Each structure stands twice: as C-alpha cells, then as structure tokens.
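Q: Once you've had a glance at the structure underneath, I'll fire off some questions.
Just so it is clear, none of the values below were taken in a lab; they were calculated from the coordinates. Keep in mind that this is a model prediction, so the values were computed, not measured. FYI the Cβ positions are ideal-geometry reconstructions off the backbone, even for glycines, and counts take in every protein chain you see.
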Amino acid sequence: MTKIKNPFRYGTMTDKLTIESIEKHLSEIKDPETGRGLMTMNQVSDISLNDGHLELTLGLTTHSAPIAKTYRADFESGLRQQFTNLTDLTINHVIHDRPASKVGEIGLTAKTIIAVGSGKGGVGKSTVAASLALGLQQAGSKVGIMDADVYGPSIPQLLGVSGRPSVDENQKINPIDCNGMPVMSMGFMIPEDEAVVWRGPMLHGAITQFLRDTSWGDLDYLIIDMPPGTGDIALTLSQLIPLSGCVIVCTPQKVALLDAVKAISMFRKVNIPVLGMVENMSGFICPDCDKRYDIFGRGGAKDQAEQLTVPFLGDIPIVPSIREHGDTGTTQNNLTNAGSAQYIETLIYNLVNNMATAAADQPPQVQLPVLG
Ligand code: ADP
C-alpha cells in the first residue's frame, strides 16, 4: 500500500490568503472514511476569513472516530503550513451524520465488516475481536459484534452478557445489548455445556439468520469473530456480504504461524482481503522486575506479515489481567488497564488508518442501496 506523503499539504509555496485559495486547498483534502474530497462530501462549512483569522467547521463521521484526533491535528497543521500569513485559526469540530447504506443482498446496514480469524484456537482471537469492537465503540464509532465461532462461542463470556435474544413482530431478532453494542452469538441459543454438531447447510442457515434477520441498526463496524481454521463459514460470509476484510490473530511461535499462513491463504481463496496480522501473547513483561520474557518468541508474526505482504497491525503481550478480565466478563477493562490499553489502541488506529489510506488511494464506488 503506498502512503500519501502529506495529504494535508498541497502546493509547495504559501498560498495567498483568500476564501478561494482556502477552498481550493480544502477541496484537495480527503474524507478518511470515503476517500472522497471533504468539500464534495459537504464536510467543511461556515468558512469565514476576517483580518487573517480563518474560522471553519469540520465534520467527520463516527466511522472515522478512531483516527479523528490525529486527522484533525494534521488538518490544522496543513492549513497553517499552507497559509503562513494566517493570524488565527479556529476549527469547530462536529460529527458529520452519514448513515450506513444497506450492503449485500441481505440488506445489512454496516459500513465496514471485519472478520477476525486465526489458524488455531487459543491464540486470543475472540479476545482480540471483543477488544477491537469495544475499542472502536469507546472511540465513538457505532459497533456491533457477531460471534460466528459456533463451535466455541466465547463472546458472551468475554463481554459478560447473557440472555436469549427475543424476536419482534416482524420476525427480526433483537440482539443482546452490551452497553449500547448489539451482540449476537450462538452462545445465547444453546446451553453452555451442550455441544452442537453442525452440518454445512445448518451452519449456513444460522450465519444467514444472524446477519439477515437481526436488528443490528445502523453500524459503522460489524466485527465478526470467526471459528479458527475452517473455511466453511468464511465461504458463507463471502457469499452473503461484501466483507471489508479480515484480521488474522496469531502467536509468535512457528507452529502457530504456519496455521496463520494457512488461514490467510483460506481467506484469500474466498476473496476476503487481509487487512492485517496481530501478534498476540508477544512476550511477557514481569510486573515485579519489568524484565521481558519472550515466552512464545517475539516478532514472528511481523516477519511473516512482511513475507506475505500483509500489513502488520501490532502486538499485545501476555498480560495476566487480560486473562482475568476474560474470565470475569469484563473485557472492556482491557481498554483502561495500563498494561493492555496502549496495544489495543495502536491496533485499532493502524487498522482504521490503513483503511483510510486505502480509501484515499482508491475511492470506492458509490454503493447503490438495496431496496426492501
Ligand atoms: P481463541 O479465540 O483464539 O480461542 P481466546 O480469546 O478465547 O482465544 O483466548 C484464550 C485464552 O487466552 C483466554 O483465557 C484469554 O483470556 C487468554 N488471553 C488472550 N490473549 C491474552 C493476552 N494477551 N494475555 C493474557 N491472556 C490472554
């Protein structure tokens, strides 16, 4: 992926300070969600210039919330660099309202759908999926999470939610609410200690129902926790909805990496783009002596990502509190705990920023809403 050098700065010379030159500068800057011009998308308004004091309103959508702080800072410094004779600059920040369109034939309203997969079980895939969803929501985006790991649904446990989804008069399933985040999981439908033997058509039916018949609402991101390894659910998903891509979670040791490579190959086979790799359980920092122990090794996923030309999104060390929060259904605490928060924030920033860069490089086609 080629990075734009400085998307907030165009000409090399300082421009004359006029409303026209300011508008020209702004028209070159792209909305991080769509990759289209901010001006074309009506995201800059109330531009006024008085004695060198420029004031304007910048609107970003909640989809861009995870990268908004950096984007706004770059936007501001780009203006200051381009117009060095500005005496003052006031930028009013607002949320630009742009609801999601319906995607795919099933009419789900979500802007970005991300599958979180792994080659093996036990590498922290569900923990990363739940942490991504919670972190995106904490940043200000509208998020839902679907547990497609029908063989071992652990999202309800990790989020500390239970109950049975009800069905409304239109035969739509009401997902379980986790502090404003809709959650669907087979774990809500079957007793915890019961195993289900899934036949292919049953699996396809369950996943279709989860996506098509659930009242997800208007989502910026739908995170899907995939079962490890197998390709059947990935195939079903790719037939039902246009996935934005998948995130592959793996641990640094060779045996786990080999399976992660297979998982990447499987996603590629069903035409699901790989948005990046995450190295989980990447070393352990002893809380008593601050010494680092690379229990499963370190850096393996980063090297592997490079070899496979997929982005590396970041790592998360082994942090005892991550396991504790998982066991007590308080995964949201990973976002405030000093030992884990920064790693999850970095993953989310890189994920959303990479998507913004890709959108800027190649603005997506306008999606026609599916009626009905
Ligand atoms: P998977 O979905 O790949 O099977 P889980 O997310 O269920 O894996 O995680 C397996 C176990 O490892 C859980 O007990 C979880 O709390 C724990 N775990 C995951 N990531 C970490 C980490 N970075 N540090 C400590 N424990 C972790």
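Q: Excluding same-chain residues fewer than 8 positions from residue 16, which lysines have a Cα within less than 24 Å of its Cα?
A: Result set, ordered by chain and number: 5, 24, 30.
Q: In the chain, what % of DSSP beta bridges are antiparallel (nearest 5)?
A: 30
Q: Can you compute the charge dipole magnitude of the chain about its Cα centre, using +1 on each Lys and Arg Cβ and -1 on each Asp and Glu Cβ, nothing else charged? Give it in debye, rounded to the nearest 20.
A: Magnitude of the dipole: close to 900 debye.
Q: Would you list which lysines come within 23 Å of residue 254, measuring only between C-alpha atoms, while excluding same-chain residues fewer than 8 positions from it?
A: Output for residue 254: 120, 125, 262, 269, 302.
Q: Would you work out which of 356, 127, 215 lies farthest towards the positive end of the dipole of the chain? Charges go on Cβ: Lys and Arg +1, Asp and Glu -1.
A: After comparing all options, I get 356.
Q: Order these by the 10 Å Cβ neighbour count, fewest first: 261, 278.
A: 261, 278
Q: OK, next. What number does region 115-155 give for Rg over Rh if you use C-alpha atoms and the Kirkwood radius?
A: Ratio of gyration radius to Kirkwood radius for region 115-155: 0.99.
Q: Within 10 Å of each residue's Cβ, count the other Cβ atoms and sort 226, 202, 266, 355 from fewest upward.
A: Fewest-to-most ranking of 226, 202, 266, 355: 202, 266, 355, 226.
Q: Now, a different point. Run the paramagnetic zone check for residue 307: 7 angstrom along Cα to Cβ, then residues of region 257-271 with backbone nitrogen under 16 Å.
A: Of the residues in region 257-271, 257-266 have backbone N under 16 Å from the label point off residue 307.
Q: Arranged from highest to lowest average of other beta-carbon atoms within 10 Å per residue, in what order do the peptides 43-56, 284-297, 245-258 appear?
A: In descending order of packing, they fall as 245-258, 43-56, 284-297.
Q: By how many nm would the segment from residue 265 to residue 209 lengthen if fully extended, with 0.36 nm per residue of separation less the alpha-carbon distance?
A: Between residue 265 and residue 209, full extension yields 17.5 nm more.
Q: Kindly give Rg over Rh for region 19-95, based on alpha-carbon atoms, with the Kirkwood expression for the hydrodynamic radius.
A: Result: Rg/Rh = 0.94.
Q: Radius of gyration and Dmax for region 78-155's Cα atoms, expressed in Å?
A: In order Rg, Dmax, the Cα atoms of region 78-155 give 19.7, 63 Å.
Q: Nearest 0.05, what FRET efficiency do residue 46 and residue 336 give at R0 = 30 Å with Cβ-Cβ as r?
A: Approximately 0.25, to the nearest 0.05.
Q: Let me ask something additional. I want to check the label-to-label distance for residue 196 and residue 92. Put each point 7 Å from Cα in the C-beta direction and report it in nm to one decimal.
A: About 5.1 nm separates the two model spin labels.
Q: Calculate, in whole percent, how much of the Cα-Cα pair population of region 102-361 lies beyond 22 Å.
A: 52
Q: Could you give the DSSP H helices of the chain that reach 24 angstrom or more along their long axis (alpha carbon positions) and whose average Kyte-Doolittle hydropathy is no lower than 0.0?
A: Qualifying helices: 341-361.
Q: Something else now. Taking only DSSP H segments of four or more residues, each worth -39500 (n - 2.57), what value at 222 nm results for the chain once the sum is divided by all its residues, to the nearest 500 deg cm²/dmol?
A: -10000 deg cm²/dmol
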